[in-house]
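See below for the structure under consideration.
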Amino acid sequence: MADTLPAQPAADALGEDELAPKSSARVITREMVLMLTVPPVLVAAVFGAFVWWRQTADLDSVEAQQLRWSELRSLGWEHVQLTVVAALIVVAIAVPLGIMLTRGRFRAASPVVIGIANAGQAAPSVGLIVLLFLWLDGGFWTAIWALSLYGILPVLRNTIVGIQGIDPTLVEAGRGLGMTSAMTLVKVELPLAVPVIMSGVRTALVLIAGTASLACFIDAGGLGEILQTGITLFRFSLMVTGAVLIALIALLIEWLGRVLELATRPKGI
Amino acid sequence: MWEFISERGDLIAYNALQHANLVLQAVVVATVLAVGIAVVVDRFRFLDPIANTVSAIGLTIPSFALVGLLLPLTMIGALTAFICVVFYATLPILRNAVVGFAQVDKTLIESARGMGMSDLGVLLRVRLPLAWPVIHAGVRTSVQMSMGIAAIAAYVLGPGLGGYIFTGLSQAGGVNAVNYAVVGTVGIVLVALVADLLMLLLGRLTISKGIRA
């Protein structure tokens with residue numbers, strides 16, 4: 001579930017990189033290779049098994065109605081939309097905000113924000129969604145607000161930590177070359193912080209994709225709906241279908257996050 | 001709001017304890033499981049990336065999905081909630097325990113052997129105490145994560161404060177809907193805060209003085 005998964009791994013990875021870049025590089029790479037190859041294979045295999053089961057299983061009318069391909073497709077598409085829109089909002093808000101919190105007079109506020117970000121991670125995702133529902137009423141955009149709010153924390157924290165973790169002598173060197181403050185930010189600080197920021201984005205993607213499965217509680221659709229119907233009607237076929245599809249989408253999105261992380265990593269880091 | 005809480009004070013306190021109790025039991029089981037697996041992984045180093053991959057994939061699976069997968073096997077109730085929380089609680093501890101054991105200086109193990117310690121003695125008196133700070137950090141992460149997972153598991157009638165959130169949801173529009181949802185959500189955050197402080201204290205008490213940062 002990672003719907004409450006703390007952004008800890010990101011911070012850990014940063015620590016490892018800082019401590020022993022050479023000795024741990026090989027281990028991290030092997031794990032990275034596994035994480036880039038295993039999930040797609042797993043997803044393809046499980047999805048293949050699901051398609052085979054769906055085509056051959058003897059379903060009663062209720063189940064057949066719920067598990068129509070058109071229905072599955074539209075719920076899956078809703079799930080992806082929820083995740084992607086929320087993730088885009090998160091990046092658009094959290095990265096600039098994080099940058100701002102490492103500049104000038106706002107810098108003093110950054111430990112407070114990191115503290116809040118860490119504590120906020122303990123807030124149950126389902127509570128946040130339900131509270132926003134009671135406040136704003138249901139639907140797609142309410143779910144988007146809840147998901148964005150939840151995903152902002154890891155990206156904001158990693159942006160701050162990533163920029164603060166840069167060797168100050170490099171910024172100094174940039175200034176020495178005659179760069180302005182804005183130029184060092186764009187040409188030195190941001191490129192160096194990108195790997196840490198992107199690992200925060202991946203954490204946020206996983207959180208959002210997981211929490212999107214709860215959007216069905218507030219009439220915002222998504223694949224959670226099949227699972228919810230399955231639990232309400234107590235039909236195992238619906239429960240397992242819903243659960244499997246939610247898990248597969250989450251794994252695919254995590255994988256996309258990793259690919260994105262690798263693709264955006266500036267050369268030479 | 002205050003009236004709502006004072007009327008139900010005892011029940012809320014009971015549910016908060018139930019929530020903490022579920023997480024505590026699950027994390028204890030998870031710690032034993034994770035450390036056990038990590039000992040095996042440490043013995044056969046080639047398992048190391050596999051353990052980390054399993055842990056990463058497991059953490060990616062949404063808890064609501066795991067609930068759905070468990071229901072046909074364990075039915076609605078506390079057992080499903082417990083297994084679900086144990087599953088997620090194990091993963092961060094496993095990850096940290098593998099790293100923790102790997103970081104133990106090999107020469108120290110050698111000297112312990114030289115002193116005539118048995119394998120079990122080396123594990124319990126040298127490797128575990130030296131790896132404990134890292135494992136403890138994993139347990140701390142686990143506790144925080146489990147609080148939210150226990151909330152979702154309340155959907156299938158798991159014990160604890162999550163039930164209030166779903167009561168609030170089902171009574172949407174009713175007078176007490178917001179009260180229920182706030183009590184559930186804020187209650188879990190408070191229980192998590194207290195638990196984190198206790199974990200810090202546990203760290204102070206259990207991390208060997210010689211290696212304390």
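The values are calculated or read from the model by the stated rules, or taken from the named source; none is laboratory data. Model, not experiment: these values are computed from the prediction. In this analysis, Cβ positions are derived from the backbone assuming ideal geometry, glycine residues included, and neighbour counts consider all displayed protein chains.
A few comments on the model shown:
- Number of positions in the range B:171-181 that are within 30 Å of B:Arg140 (Cβ to Cβ) and facing chain A (nearest Cβ under 7 Å): 1
- Test result for B:Gly114, more than 28 Å from B:Phe87 (Cα to Cα), more than 8 Å from chain A (Cβ to nearest Cβ), out of contact with any Gly (no Cβ under 6 Å at 6 or more places or on another chain) and small (Gly, Ala, Ser): yes
- Criterion violated by A:Leu233 - all others in (1) at pLDDT below 95; (2) at the interface with chain B (Cβ under 9 Å from one of its Cβ atoms) satisfied: (2)
- Remark: pairs (first residue in the range A:128-145, farther than 21 Å from B:Gly162 by Cα; second residue of a type in the set (Gly, Ala, Ser) and surrounded by 22 or more Cβ atoms within 10 Å (Cβ to Cβ); Cβ separation under 6 Å; 6+ apart in sequence or on different chains) = A:Gly139/A:Ala220; A:Phe140/A:Ala220; A:Ile144/A:Ala86.
Here is a yes/no grid of residues against (1) within 14 Å of chain B (Cβ to nearest Cβ); (2) more than 18 Å from B:Thr141 (Cα to Cα); (3) of a type outside the set (D, E, K, R):
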| position | (1), (2), (3) |
| --- | --- |
| A:Leu101 | no, yes, yes |
| A:Ala109 | no, yes, yes |
| A:Val113 | no, yes, yes |
| A:Gly120 | yes, no, yes |
| A:Ile129 | yes, yes, yes |
| A:Leu147 | yes, yes, yes |
| A:Ile152 | no, yes, yes |
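- Only listed residue being more than 9 Å from chain A (Cβ to nearest Cβ) and either in contact (Cβ under 8 Å) with a residue 40 or more places away in the chain or under 30 Å from B:Leu11 (Cβ atoms) (or both), chosen from B:Ile135, B:Ile188, B:Ile152: B:Ile135
- Single match in A:Ala173, A:Ala119, A:Ala146 (criterion: in a helix (DSSP H, G or I), small (Gly, Ala, Ser) and surrounded by fewer than 15 Cβ atoms within 10 Å (Cβ to Cβ)): A:Ala173
- Test result for B:Phe101, within 26 Å of A:Thr232 (Cα to Cα) and more than 10 Å from every other protein chain (Cβ to nearest Cβ): no
- Exclusive hit being surrounded by fewer than 17 Cβ atoms within 10 Å (Cβ to Cβ) and either at positive phi or at pLDDT 90 or above (or both), set A:Val38, A:Val84: A:Val84
- Here the condition is being over 15 Å from the mean Cα position of the chain (by Cα), at pLDDT below 90 and β-branched (Val, Ile, Thr); of B:Val175, B:Val156, B:Val122, B:Val186, it holds for B:Val175 alone.
- Candidates B:Leu94, B:Leu124, B:Leu108, B:Leu120, filtered to the one that is more than 13 Å from chain A (Cβ to nearest Cβ) and touching a helix residue (DSSP H, G or I) at 6+ places or on another chain (Cβ under 8 Å): B:Leu108
Condition check ((1) surrounded by 20 or more Cβ atoms within 10 Å (Cβ to Cβ); (2) closer than 16 Å to A:Val84 by Cα) across all residues:
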residue: A:Leu223; (1), (2): yes, yes
residue: A:Phe234; (1), (2): no, no
residue: A:Met239; (1), (2): yes, no
residue: A:Ala243; (1), (2): yes, no
residue: A:Ala250; (1), (2): yes, yes
residue: A:Ile253; (1), (2): yes, yes
residue: A:Arg258; (1), (2): no, yes
residue: A:Thr264; (1), (2): no, no
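- Residue list for the range B:31-68, restricted to those being away from chain A (no Cβ under 14 Å) and among the aliphatic types (A, V, I, L, M): B:Val32, B:Leu33, B:Ala34, B:Val35, B:Ile37, B:Ala38, B:Val39, B:Val40
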